[in-house]
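Notes follow the structure.
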Amino acid sequence: MLAPTEDGDGVTRPAWAPREVDIDRPSAARVYDYYLGGSHNFAVDREMARQAIADWPDLPRIMQGNRAFMRRAVRYCAALGIDQFLDVGSGIPTAGNVHEVARLENPDARVVYVDVDPVAVAHSVALLADDDRTGVVQADFSDVDAVLGDPVTRGILDLGRPVAFLAVALLHFVPDTRAPRDVIGRYRDALAPGSHLVLSHATADGVPERAVDHVALYRRTDTPMSMRPHAEVLRFFDGFSLVEPGLVWFSLWRPDHPVGEGAERLPGYAGVGRRD
Amino acid sequence: MPPPGPPGPVRRAGEPAAPAVAKADPEADPEVASAVVELSAEDDAAVEVLAREWADEVEGTSYVPMGSDELVEYLTEISVDLVGALRTRPARTAAGHDAGRRLVHAHFTGPSTVERTLMLLGARLPELLGEDLREDVLALVGALAAGYATTLRDRTLDEQEAIRRAVIVARHQTEQALHASEARFRAMFYEAAIGIGLGDMQGRIVEVNPALTQMFGYTAQEMRRLTVGELAHPEDLPSVWVLYERLLAGELDNFRIEKRFYRKDGEEIICNLTLSLVRDERGRPSYQVAMLEDVTERHELQSHLEYQAYHDTLTTLPNRALFSDRVDRIFSTTPAGSTRRVGLCFLDLDGFKAVNDSLGHEVGDSMLQAVADRLAEQAADGELVARMGGDEFVVLVENSRGVEQLVDLAERVLAALAEPLELAGQELAVSASIGIVERPVVGGDASELMRAADITLYSAKADGRGRWALHDPHRDEAEITRFALSAAMPTAIEREEFFVLYQPLVSMADHGMRGVEALVRWHHPRLGVLGPGRFIGLAEETGAIVALGHWVLRRACRDARRWYDEFGDDAPFVSVNVAPRQLHELSLLADVEAVLAETGLPARLLQIELTERALTTDEGAPLKTLDGLRALGVRIAIDDFGTGYSSLSYLRTLPVDVIKLDGSFGERLRAEDVSDIVDERIVGTLVDLGHALGMTVCAEGVETSAQAGRLRRLGCDEGQGWLFAAALPREDIGDVLRDPDAPTWPGPRAVDGRATSSAP
């Protein structure tokens, strides 16, 4: 109960202490919203996002590319017949949320959004108040029991049936000290066979200099970044069978149209794996 | 999550109304929706070109959740409406407003989206539809910009409001969670059994819990006026405050010590103190938290136990344990080559037992306390007075300046005790004997020192009351021991330091137990178990034999009575040695009679053993006594027969029932093969003589079965010796009687080694 939780900046916070609502620090969720053209953000978020874009003008496109991957992956899963989605690290709801995308394939799709950011959660709750097939849980990704055991999760998802587990643009905010692979492993063990892991992850592969600056910038937030190389990202799929085309630059993952050269201009890996 | 744009109010030729992506738009302009225009095939083609070019221009300028095809499709719908509006007469340029709104709704929020859209439409619509429409196109594009800006502004404001509302909600929830956790912590703080205090970095006490105020006896308000420094205690080790400074400096995060404090009432308490540093979010020291557990009682108990372990509760003097520790330390810490000397006065009250017996233990205890006080008064620095137990005290001089110092001390002590004590309303004289030992530390040890003190004390006692004696290392220690033993014997009898073992007397015919001989031992507190050879002679010399003999007689009769109770007719008789000195006490007969009456032992089960010497020194008194004993039914045996040179003719005049042949007669009959038949003949003659006088003959010192066989053939009735059994404790005799067929009888248990078969 009193085990300390490590926050982004390394300050330990006892488990019982509520997470502070600090809008004087940029939040990854709100910065992401800004990248995607949203206004669910504050001056600090925009200031940081503008600086990031100034350093790395491709960022908005990278974020769009990531978001587009999620859209394609959700449609892929829904097309397989999966009608339950668990989106961990869902952030601020913005255009093309999981339930909207999924319901294009299956109007009965059920979605649980999970985030640790209390503002993102409060906003999500407000937006989804009238939708009884979606739910929002405030929990830390690492606390598997809290996520899967939450009454909201239990009420909306049937964990005895396949679930699409989304860790999109999440794990690069989880440092190795928090053993993200073990955490993914615990989710994997808890999910029914036929479930899918939808994962995208930032990397410095191909863009080492830019990535260094970018990582430095994210130290301002509660959620600093851990870029990982291909081999390390691949290990998150231990226990899953990667579907074609495997773990690739996210613009190359089942694109709507053939993609030309320079896919690594959007550096980030994406993949979908099936739990057998 | 606004849905993508609405289906346009304009329907393209030959197409159904609802495109795949689009959903109903509640904000759709009813005016626009009412006007439906059919487009020409040319215009359809223009729409198709426009939508494709438009998609190419804006793709990637904003995030829209659409694939490329979906994007083209969406823009096609808007294009249809725009073209339709331009074809309406007059041109319905307000449709541009709606197009701008739909772009925002589809999340085309990037600035370059609108820039490129305006440029594309402004340039391409006149080209595609006709230059004459340029004015209308301009108005349309302007309306689109206005619609886009209005919608984006509304959307931005809505989103800002939504996110701020989310912050408020989140804050509210956080506050509630904080309230809940604060309430829990407040309860923990107030209800905690340990004292908790919070101090700032200047050492001011900021907050205290009730447990802490109770511990210190201050109110919370009073405590908040204190500083940590004011809680210092003179006995604080300097290291405590060094730790404290280091903690304030942020070098330590916490430490734990045991520390004394003063309560408000001045009383002292001892606490386990854990002091922790609380840092702010940047890691700078900001508060100190103290947790205190009152361990005063535990401490008191511990020191009380320690005190008890090393002090005598009656006199409060140090006890034997503390004294022994001190003496051991003297010998263990003094280096070889040291000239250090140690001395002690070992003191024992004279006649203390009489005080206890006549005046009661309370008076006895008071006397010990008074003596302890006087001793303590005489002790100077470096002199330790301890009570060794009973009425024994010791004064240890850890660094002796010489014998004179000890003698001087002993004389002062004796003088101090000479003054009568006022106890229980009466004046009581008290005196003590003191043994003095004074010697170099090097070359000796603690036990040697104590033994010397013991012996010397006995010497002093033997010299008479109220004296001291100085240990003389040149005197024969054995002699001193002898002396000391005889001096100690009366007290030893009172203290029941003696005990009795029983050696079976068996029938030579079947080796069954007929009787037992009572053999006395002395369990000396310092010398261990002593055999009769060490003290019987002394007892006879000092006359203590009378009291000792009487004690043995009572003890033996009591034990025999128990066997009688348990085994009835199979119970063994008990044979008790009576010394010549006892035989000449006029009271012996009466004593025996009284003991038999007291114990209820049938007289036939008692046998009195006398030595030949006892029977021959005086003829009058013993005979009378012996006759009296026999009249009671008690049997008389002559012990060690054949060693006293008594005339055989004299034997017939004696009132004797049993002769016990001295072990020396049997000695030469022990070997398997006896060549000299003289020995056999002598024994045979003695046996015949005894039988002729109607006596039972018992052989002592039977050790081999060959010897037993010969003695049996020679006619001995009873035997005694190691072959049959050693001297055994009473309980073992009972065991043997209960199970006579046990393969072997228990061996000797007494720790003095070889049991003699003939000693008194």
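Would you mind stating whether B:E135 is exposed (fewer than 15 other Cβ atoms within 10 Å of the Cβ) and closer than 30 Å to B:E267 by Cβ? Please lay out each step first, then the result.
Details: exposed (fewer than 15 other Cβ atoms within 10 Å of the Cβ): yes; closer than 30 Å to B:E267 by Cβ: no.
Judged against the criteria, B:E135 is not a match.
For A:A29, state whether it is modelled with pLDDT of 65 or more, more than 11 Å from chain B (Cβ to nearest Cβ) and part of a helix (DSSP H, G or I). Reasoning before the result, please.
Values: modelled with pLDDT of 65 or more: yes; more than 11 Å from chain B (Cβ to nearest Cβ): no; part of a helix (DSSP H, G or I): yes.
Spelling it out, it is not the case that A:A29 is modelled with pLDDT of 65 or more, more than 11 Å from chain B (Cβ to nearest Cβ) and part of a helix (DSSP H, G or I).
Which fully enclosed strands (runs of 3 or more DSSP E) of segment B:448-549 have 2 or more residues being within 44 Å of the chain's Cα centre (by Cα) and closer than 25 Å to B:V437 by Cβ? Lay out the reasoning, then the answer.
On the way: elements: B:468-470, B:498-507, B:513-524, B:528-530.
Correct list: B:468-470, B:513-524, B:528-530.
Restricting the first residue to segment B:94-114 and requiring it to be over 14 Å from B:A143 (Cβ atoms), which pairs with a second residue that is surrounded by 24 or more Cβ atoms within 10 Å (Cβ to Cβ) and β-branched (V, I, T) meet a Cβ separation below 7 Å and a spacing of at least six or different chains?
B:A106/B:V64; B:H107/B:V64; B:F108/B:V64
What number of residues within segment A:123-143 satisfy the criterion of being in a helix (DSSP H, G or I) and either open to solvent by 10 Å² or more (accessible area, probe 1.4 Å) or aromatic (F, W, Y) (or both)? Show your work before the answer.
In the first step, residues of segment A:123-143 are kept if they are in a helix (DSSP H, G or I); the result is A:123-127.
Now narrow it down to the ones that are either open to solvent by 10 Å² or more (accessible area, probe 1.4 Å) or aromatic (F, W, Y) (or both): A:125-127.
Result for segment A:123-143: 3.
Would you call A:R210 touching a residue at least 24 places away in the same chain (Cβ under 8 Å), over 24 Å from A:P245 (Cβ atoms) and open to solvent by 60 Å² or more (accessible area, probe 1.4 Å)? Steps first, please.
Details: touching a residue at least 24 places away in the same chain (Cβ under 8 Å): yes; over 24 Å from A:P245 (Cβ atoms): yes; open to solvent by 60 Å² or more (accessible area, probe 1.4 Å): yes.
Taking the combined requirement at face value, the residue satisfies it.
For the subset of segment B:674-703 comprising residues that are at pLDDT below 85 and part of a loop (DSSP other than H, G, I, E, B), which member is surrounded by the most Cβ atoms within 10 Å (Cβ to Cβ)?
Step by step, filter segment B:674-703, then rank; the result is B:V674.
For segment A:5-13, does any single residue satisfy the condition of being facing chain B (nearest Cβ under 10 Å), at pLDDT 85 or above and surrounded by fewer than 23 Cβ atoms within 10 Å (Cβ to Cβ)?
No - not one qualifying residue is present in segment A:5-13.
Looking at B:E422, is it part of a helix (DSSP H, G or I) and loosely packed, with under 14 Cβ neighbours inside 10 Å?
no
I'd like to check something: does segment A:77-85 contain any residue that is open to solvent by less than 10 Å² (accessible area, probe 1.4 Å), touching a Lys or Arg at 6+ places or on another chain (Cβ under 6 Å), touching a residue at least 12 places away in the same chain (Cβ under 8 Å) and more than 12 Å from chain B (Cβ to nearest Cβ)?
yes
Would you tally the residues in segment B:226-242 being under 14 Å from B:I257 (Cα atoms) and β-branched (V, I, T)?
Selection size over segment B:226-242: 2.
Look through B:R401, B:R439, B:R387 and report the one residue that is part of a strand (DSSP E or B), surrounded by fewer than 21 Cβ atoms within 10 Å (Cβ to Cβ) and either in contact with a Cys (Cβ under 7 Å, 6 or more places away or on another chain) or not polar (S, T, N, Q) (or both). Even if it seems obvious, please write down each step before you answer.
Values: B:R401 fails: part of a strand (DSSP E or B); B:R387 fails: surrounded by fewer than 21 Cβ atoms within 10 Å (Cβ to Cβ).
Just a single option satisfies the conditions, and that option is B:R439.
Can you tell me which of (1) more than 15 Å from B:I78 (Cα to Cα); (2) in contact (Cβ under 8 Å) with a residue 40 or more places away in the chain; (3) surrounded by 14 or more Cβ atoms within 10 Å (Cβ to Cβ) is the one B:P126 doesn't meet?
(2) is the only condition that B:P126 fails.
Residues in segment B:715-729: is at least one open to solvent by less than 20 Å² (accessible area, probe 1.4 Å), in contact with a strand residue (DSSP E or B) (Cβ under 8 Å, 6 or more places away or on another chain) and assigned to a helix (DSSP H, G or I)?
no
Working carefully through the options A:G96, A:G65, A:G37, find the one that is within 7 Å of another protein chain (Cβ to nearest Cβ), touching a Phe, Trp or Tyr at 6+ places or on another chain (Cβ under 8 Å) and farther than 24 Å from A:R133 by Cβ. Give the derivation first.
Working: A:G96 fails: farther than 24 Å from A:R133 by Cβ; A:G65 fails: within 7 Å of another protein chain (Cβ to nearest Cβ).
Of the residues listed, the single one that is within 7 Å of another protein chain (Cβ to nearest Cβ), touching a Phe, Trp or Tyr at 6+ places or on another chain (Cβ under 8 Å) and farther than 24 Å from A:R133 by Cβ is A:G37.
Right, B:R184: open to solvent by 60 Å² or more (accessible area, probe 1.4 Å) and facing chain A (nearest Cβ under 9 Å) or not?
On the way: open to solvent by 60 Å² or more (accessible area, probe 1.4 Å): yes; facing chain A (nearest Cβ under 9 Å): yes.
Yes.
Suppose we filter B:P580, B:P572 for residues that are crowded, with 16+ Cβ neighbours inside 10 Å and within 30 Å of B:R713 (Cα to Cα); which single one remains?
On the way: B:P580 fails: within 30 Å of B:R713 (Cα to Cα).
It is B:P572.
Out of segment B:351-372, which residues are surrounded by fewer than 19 Cβ atoms within 10 Å (Cβ to Cβ), in contact (Cβ under 8 Å) with a residue 24 or more places away in the chain and not aliphatic (A, V, I, L, M)?
Answer for segment B:351-372, where residues must be surrounded by fewer than 19 Cβ atoms within 10 Å (Cβ to Cβ), in contact (Cβ under 8 Å) with a residue 24 or more places away in the chain and not aliphatic (A, V, I, L, M): B:G351, B:K353, B:E362, B:D365, B:Q369.
Quick check on my filter: what residues within segment B:201-253 are in a loop (DSSP other than H, G, I, E, B), among the aliphatic types (A, V, I, L, M) and surrounded by 14 or more Cβ atoms within 10 Å (Cβ to Cβ)? Give the derivation first.
Of segment B:201-253, the ones in a loop (DSSP other than H, G, I, E, B) are B:201-203, B:209, B:217-219, B:225-226, B:232-237, B:249-253.
Now narrow it down to the ones that are among the aliphatic types (A, V, I, L, M): B:201, B:226, B:232, B:237, B:249, B:252.
Result: B:M201, B:L226, B:A232, B:L252.
Counting only residues that are within 12 Å of another protein chain (Cβ to nearest Cβ) and farther than 18 Å from A:S39 by Cβ, which one in segment A:112-122 is most open to solvent (accessible area, probe 1.4 Å)?
Pass one, segment A:112-122, residues within 12 Å of another protein chain (Cβ to nearest Cβ): A:113, A:115-122.
Filter once more, keeping what is farther than 18 Å from A:S39 by Cβ: A:113, A:115-116, A:118, A:121.
Values: A:Y113: 12, A:D115: 20, A:V116: 39, A:P118: 10, A:V121: 11 Å².
Among those that are within 12 Å of another protein chain (Cβ to nearest Cβ) and farther than 18 Å from A:S39 by Cβ, it is A:V116.
Could you list all residues from segment B:297-330 that are open to solvent by less than 50 Å² (accessible area, probe 1.4 Å), under 16 Å from B:L375 (Cβ atoms) and out of contact with any Gly (no Cβ under 9 Å at 6 or more places or on another chain)?
Those that are open to solvent by less than 50 Å² (accessible area, probe 1.4 Å), under 16 Å from B:L375 (Cβ atoms) and out of contact with any Gly (no Cβ under 9 Å at 6 or more places or on another chain): B:H311, B:L314, B:T315, B:L317, B:P318, B:L322, B:F323.
The values are calculated or read from the model by the stated rules, or taken from the named source; none is laboratory data. These numbers were taken from a predicted model, which means no experiment stands behind them. Positions of Cβ are generated from backbone atoms using ideal geometry, with glycine treated the same way; all protein chains shown enter the neighbour counts. Side chains included, ligands, DNA and RNA excluded: accessible areas come from the protein's heavy atoms. Shrake-Rupley method; radii C 1.70, N 1.55, O 1.52, S 1.80 Å.
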